[in-house]
Amino acid sequence: MIQHVADMDYRPPPGMGGWLPVEATIVNIQPENFNTRTFTLRFVDESLCESYRFEPGQFNMLFVPGVGEAAISISSSPYQIGALDHTIRMVGAVTRGIDRIGVGGIVGVRGPFGRGWPLHKLAGKDVIIVGGGIGLAPLRPLIHWLLRHREQCRRVVLLYGCRSPEDRLYAAELEAWSGRSDLDVLVTVDNADEHWTGPVGVVTNLLRRIKVNAEQTVVFVCGPRVLNRAAAWNFLQLHVPPAQVYVSLERNMNCGFGRCGHCQYGKHFVCRDGPVFCFADIADIFAKEEI
Ligand SMILES: Cc1cc2nc3c(=O)[nH]c(=O)nc-3n(C[C@H](O)[C@H](O)[C@H](O)COP(=O)(O)OP(=O)(O)OC[C@H]3O[C@@H](n4cnc5c(N)ncnc54)[C@H](O)[C@@H]3O)c2cc1C
Ligand code: FES
């Protein structure tokens, strides 16, 4: 039974913040689109189910025995206790390995790692969330958090873009969010089908449809690199201060907790100092291809 808590404690449970994975059972697999599924995991150790907490935007290292590990964002609500969602696109050995294990099988989990979305920056602000493709996964816990603490901020806007209507993640939930009066949801697709009546084009085009009060807006972006860049520059051009623009970045990970240097990004380690970065802190390296 999934319980919900009123408050959060983000510290990794004892033994989970280092190299050793703990076992979790895949209890459900929800297809999202042709190559992406949401895996619900439940720790074999029941006490971990109770004690594990995470901050929206953090990730776990998921381990497939004999194959390896991959960094995967936690995509469930931070208030869902006892089971953790990870929305995974099947691209390589580990992600396909998790899919092969299937419901009832065991994966290893280390985490939660990294710094998530800065929830303490939202009081009294307009919040604009920009997601592209699977980038909606680490934004989903944030949206759940915002809906729980809705009175703390002013407008909340979700701009989401994906390739086609069938590629949308969390289609039912997006539908439900669209029906709410306290959340503005705009979804755009690159390629429409005959049933699609919404916008067509890249997600940054949606900015023309909303009013941005630059000084009082905080922006959260997660998507492919090209979207992260375009969205960040667009908001800066609209005079949103760099200190109020946050981007979640991806790098190849190994340890996940700042020891191996695999994920170095300029002077930062993405696993430890990110994956969520304030644009003001990475402005000097953000546009450089080779970093
Ligand atoms: C903080 C963070 C959060 C993340 N969150 C998520 C998430 O929520 N969901 C998710 O699905 N992913 C997420 N990722 C990405 C995920 O960690 C990577 O896609 C990971 O590499 C997958 O591991 P894999 O072994 O399945 O694929 P890999 O084998 O590592 O392949 C990854 C990519 O490299 C390509 N590739 C593989 N082998 C080769 C080759 N020989 N030559 C050239 N290209 C190759 C693949 O086509 C694929 O595009 C996240 C990454 C980070 C850093
Ligand atoms: S993955 Fe090892 S330092 Fe970041």
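If you take just the helices (runs of 4 or more DSSP H) that sit entirely in the range 205-291, which of them hold at least 2 residues that are more than 15 Å from ligand 2 (Cβ to nearest atom) and over 17 Å from the mean Cα position of the chain (by Cα)?
225-237, 279-286
Give the residue that is surrounded by the fewest Cβ atoms within 10 Å (Cβ to Cβ), with candidates limited to residues of the range 42-76 that are free of Cβ contacts under 8 Å to residues at least 24 places away in the same chain and among the acidic types (Asp, Glu).
Looking at the filtered set, the residue picked out is GLU46.
For the range 77-119, enumerate the residues that are more than 19 Å from LEU48 (Cα to Cα), buried (at least 19 other Cβ atoms within 10 Å of the Cβ) and of a type in the set (A, V, I, L, M, F, W, C).
Listed by number, the residues that qualify are ILE88, VAL94, ILE98, TRP117.
For the range 109-119, state whether one or more residues are among the β-branched types (Val, Ile, Thr) and over 25 Å from VAL245 (Cβ atoms).
Yes: one or more hits.
Which one is nearest to ARG225 (Cα to Cα), of the residues in the range 165-194 that are of a type in the set (S, T, N, Q) and exposed (fewer than 15 other Cβ atoms within 10 Å of the Cβ)?
Checked the range 165-194; the qualifying residue nearest to ARG225 (Cα to Cα) is ASN191.
Would you mention how many residues in the range 144-165 are under 30 Å from GLY258 (Cα atoms) and in contact with a helix residue (DSSP H, G or I) (Cβ under 7 Å, 6 or more places away or on another chain)?
Number of matching residues: 1.
Does VAL240 fit the bill of being farther than 22 Å from CYS162 by Cα, out of contact with any Pro (no Cβ under 8 Å at 6 or more places or on another chain) and crowded, with 18+ Cβ neighbours inside 10 Å?
So VAL240 fits the description; yes.
Return the residues of the range 245-268 that are within 11 Å of ligand 1 (Cβ to nearest atom) and of a type outside the set (A, V, I, L, M); say none if nothing qualifies.
SER248, GLU250, ARG251, ASN252, ASN254, GLY256, HIS262, CYS263, TYR265
Assess whether LEU142 counts as being under 12 Å from the mean Cα position of the chain (by Cα) and either closer than 19 Å to GLN58 by Cα or of a type in the set (Phe, Trp, Tyr) (or both).
yes
Has the range 174-197 got any residue that is more than 21 Å from ILE74 (Cα to Cα), assigned by TED's automatic domain parsing to the domain that holds CYS222 and among the aromatic types (Phe, Trp, Tyr)?
Yes: the range 174-197 contains one or more residues that are more than 21 Å from ILE74 (Cα to Cα), assigned by TED's automatic domain parsing to the domain that holds CYS222 and among the aromatic types (Phe, Trp, Tyr).
Among the residues of the range 151-172, which ones are more than 16 Å from ligand 1 (Cβ to nearest atom) and under 19 Å from the mean Cα position of the chain (by Cα)?
Across the range 151-172, the qualifying residues are VAL156, VAL157, LEU158, LEU159, GLY161, ALA171, ALA172.
The values are calculated or read from the model by the stated rules, or taken from the named source; none is laboratory data. If you're wondering where the values come from, they're calculated on a predicted model, not measured in any experiment. All Cβ positions, glycine included, derive from the backbone under ideal geometry; neighbour counts span all protein chains shown.
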